[in-house]
1. In nm, to one decimal, how far is the B:MET1 label point from the B:ASP62 one, both placed 7 Å along Cα→Cβ?
2. Kindly flag which residue pairs out of A:LYS82/B:LYS171; B:LYS48/B:LYS80; B:LYS48/B:LYS171; A:LYS83/B:LYS48 have an alpha-carbon separation exceeding 31 Å in this structure.
3. Taking amide H atoms as placed 1.01 Å from N in the peptide plane, list the residues 5 or more away in sequence, or in a different chain, whose amide H sits under 5 Å from that of B:LYS110.
4. Students often get this wrong, so check it: of A:LYS163/B:LYS214; A:LYS165/B:LYS235; B:LYS132/B:LYS188, which have C-alpha atoms separated by over 25 Å?
5. Starting from 0.36 nm per residue, how many nanometres of slack lie between B:ARG218 and B:PHE100 once their C-alpha separation is accounted for?
6. Please give the length that would be gained between B:ALA42 and B:ASP226 if that part of the chain were fully extended, namely 0.36 nm times their separation in residues minus their C-alpha to C-alpha distance (nm, one decimal).
7. Taking H placed 1.01 Å from N in the peptide plane, check which residues at least 5 places from A:TRP100 or on another chain put their amide H under 5 Å from its amide H.
8. Separation of the stretch A:100-172 and the stretch B:38-111 by C-alpha centroid, Å?
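The values are calculated or read from the model by the stated rules, or taken from the named source; none is laboratory data. Small disclaimer: the values here were computed from a predicted structure and weren't measured. Methodologically, a virtual Cβ is constructed for each residue, glycine included, from the backbone with ideal geometry; neighbour enumeration extends over all protein chains shown. Surface accessibility is based on the protein's heavy atoms, side chains included, excluding ligands, DNA and RNA. Shrake-Rupley method; radii C 1.70, N 1.55, O 1.52, S 1.80 Å.
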Amino acid sequence: MAQHKVNYASNGGLPVALTSVDKLLNWGRSNSLWPLTYGLACCAIEMMASGGSRFDFDRLGTIFRASPRQSDLMILAGTLSKKHAEFARRLYDQMPEPKWVISMGSCANTGGMFNTYATVQGVDRIVPVDIYIPGCAPRPETLQYAVMMLQKKIRKESANMKKNKKQDLRLV
Amino acid sequence: MRKYTPKDNVQGKAYYTDRFWVAPRVPRQVVEDEHFKAVVEALGERVKEAYVEINNLVLHIDATQNYAVLETLKDTCGYKVCSEISAVDYLAKEGEFEIFYQMLNLDKAKRVRVVCRLKKGLAIESVVPLFKSANFAEREMYDMFGIKANNHPFLKRILMPDDWEGHPLLKTYPLQGDEFASWYEVDKIFGKAYRDIIGPENRDPARIERYDTKRFSRVGYEVSFDTDISGGETKTEIEYSSTFLTDYNTGTKQLDKRK
Ligand code: SF4
């Protein structure tokens, strides 16, 4: 092992790292996003693939949780039917703050090809969405990219949620 | 197999243009099969019409006798499986529903379709005591067409929510939903007062908002995010990358020496 001599005395006797509360909190939040396992249709298969060993979500600190009360990210993957909309909103309400939503696939974004009476035409009618992923179905790489974009967004946020303005959090 | 139609020019020319084209009917054949003859014999008077369509015996009966006919089919003819029950909406043309029962005989590998007509507003007798599979099928028939089944143990909507209005498979039901359907999730979750805030559904997937610079930009007229362009915008010349227009065929530099 390399021998380091830490000069405690010059730093006031302790190893010190300087940071701000915002950065510290956002570092913690963005690197352990725990999504709620919420597959609704065929897009769920791609979401599961991203969680599995080949695409390996865990290396981003993203571990799927089976309970809304332990998760801070909701990945709405698939077709949201009108009958189910109520429950999607209820699960969203049960998640503790702060929380984020990714809308995955064209069905969740706009209703997609299901331009019918039984499909919610875009999940943003029900819950506020942070990231929309286009595609039918989006590849796991796309979902990973979306999670990384979300991390970028979280790192821009202020720990005081009231200070966050929409235009400050724009990614592109 | 379906008849082959050449499709290499379909995008240039529509191969299907006749609006009033009627699909050709499957030919109706006389009952010749020994087993099918025995089935028609066993049912006797109750059969109004019988013919064979693609190895499928079709029996027209009276809607009031459906239970008795299915019981005979099950007990004496060996049709132990009822694979599907549903209805077809002929209300506009004939003022009736057509209800059909698709039956299967596993020993003889034969299929029979029992068909009956039901006026609007009437109920049909449930066949759940004979076939357990009829339970869900009749609930679906009720959900989709509003046809009630008498003496059904648990007649309740199966696919649509319990408080749904209307029966979606009726020909009169709009595909994109009526007023109730289009506001269903908003009314249910947030209440009617939120209709104004959330706004109507966007049913046009290609809709573009001309003055929305947050989500749309016009090629050749790009402006920065969220600029007000209601007074018009200036044209920006498209800049091509200098390598994009390079002609590699006439250059002096030869990249591949093997040539
Ligand atoms: S976007 Fe495509 S893949 Fe995803 S749920 Fe809809 S139909 Fe399925």
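1. Spacing of the two 7 Å Cα→Cβ label points: 4.8 nm.
2. Values: A:LYS82/B:LYS171 21 Å; B:LYS48/B:LYS80 23 Å; B:LYS48/B:LYS171 27 Å; A:LYS83/B:LYS48 42 Å.
Violating the 31 Å Cα-Cα cut-off are A:LYS83/B:LYS48.
3. B:ASN105
4. Numbers: A:LYS163/B:LYS214 21 Å; A:LYS165/B:LYS235 31 Å; B:LYS132/B:LYS188 34 Å.
Where the Cα-Cα span goes over 25 Å, the pairs concerned are A:LYS165/B:LYS235; B:LYS132/B:LYS188.
5. Details: separation 118, 0.36 × 118 = 42.48 nm, distance 5.49 nm.
Taking 0.36 nm per residue and subtracting the Cα distance, the gain is 37.0 nm.
6. On the way: separation 184, 0.36 × 184 = 66.24 nm, distance 7.75 nm.
Stretched fully, the B:ALA42-B:ASP226 segment lengthens by 58.5 nm.
7. When sequence neighbours closer than 5 places are left aside, the close amide H contacts are A:LEU73, A:MET74.
8. Each part reduced to its Cα centre gives a spacing of 51 Å.
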